[in-house]
Amino acid sequence: MNAHPLSAQHCQPRKGKEHALDASAVQELLQQLPGWELGADGKAIVKDFRFDDFHRTLGFINAVGFMANHEDHHPDIEAGYGHCRLAWSTHDVGGLSLNDFICAARVEALLER
Ligand SMILES: C[C@H](O)[C@H](O)[C@H]1CNC2=NC(N)=NC(=O)C2=N1
């Protein structure tokens, strides 16, 4: 396990099944990410975020989008007036890789104050 916290790590190119995390690694990493859970298909980690209004929701999405472009790793985003659901999955792996957990931790860091 890398000694650096997830939120201090950067995504690496991860392509191919050899980068897929097994179920026990996924559970261990999820323990570091309050509120994040495994999606229904087991191939994504998901979390719902609530905001007071539309512009706060949009600000969050823009911040996530900037980080995602910087990391070259991109979430699925569903949003409405005061909520946003993020799902991270690694398409190049066909499931979960460490990149998904790094980005989820980076999202949490965006919200720290
Ligand atoms: C070439 C580029 O690095 C890849 O296509 C990246 C871009 N963003 C990505 N985002 C996600 N979620 N999964 C990927 O496999 C992925 N691959």
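The values are calculated or read from the model by the stated rules, or taken from the named source; none is laboratory data. All of these numbers come straight from a predicted model, not from anything done at the bench. Note that each Cβ is placed from the backbone with ideal geometry, even for glycine, and that neighbours are counted across all protein chains shown.
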task = Go over the candidates N62, N99, N69 one by one and state the one that is more than 16 Å from the ligand (Cβ to nearest atom), polar (S, T, N, Q) and at pLDDT 95 or above.
result = N62
task = Considering only the range 52-68, state which residues are more than 13 Å from the chain's Cα centre (by Cα) and either surrounded by 18 or more Cβ atoms within 10 Å (Cβ to Cβ) or among the β-branched types (V, I, T) (or both).
result = T57, F60
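Is it the case, given these coordinates, that G42 is in contact with a strand residue (DSSP E or B) (Cβ under 8 Å, 6 or more places away or on another chain), within 16 Å of the ligand (Cβ to nearest atom) and on the phi > 0 side of the Ramachandran plot? First the steps, then the outcome.
Details: in contact with a strand residue (DSSP E or B) (Cβ under 8 Å, 6 or more places away or on another chain): yes; within 16 Å of the ligand (Cβ to nearest atom): yes; on the phi > 0 side of the Ramachandran plot: yes.
Spelling it out, G42 is indeed in contact with a strand residue (DSSP E or B) (Cβ under 8 Å, 6 or more places away or on another chain), within 16 Å of the ligand (Cβ to nearest atom) and on the phi > 0 side of the Ramachandran plot.
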key: Residue within the range 75-83 that is over 13 Å from the mean Cα position of the chain (by Cα), of a type outside the set (S, T, N, Q), away from the ligand (no atom under 16 Å from the Cβ) and within 17 Å of R106 (Cβ to Cβ) present   = no
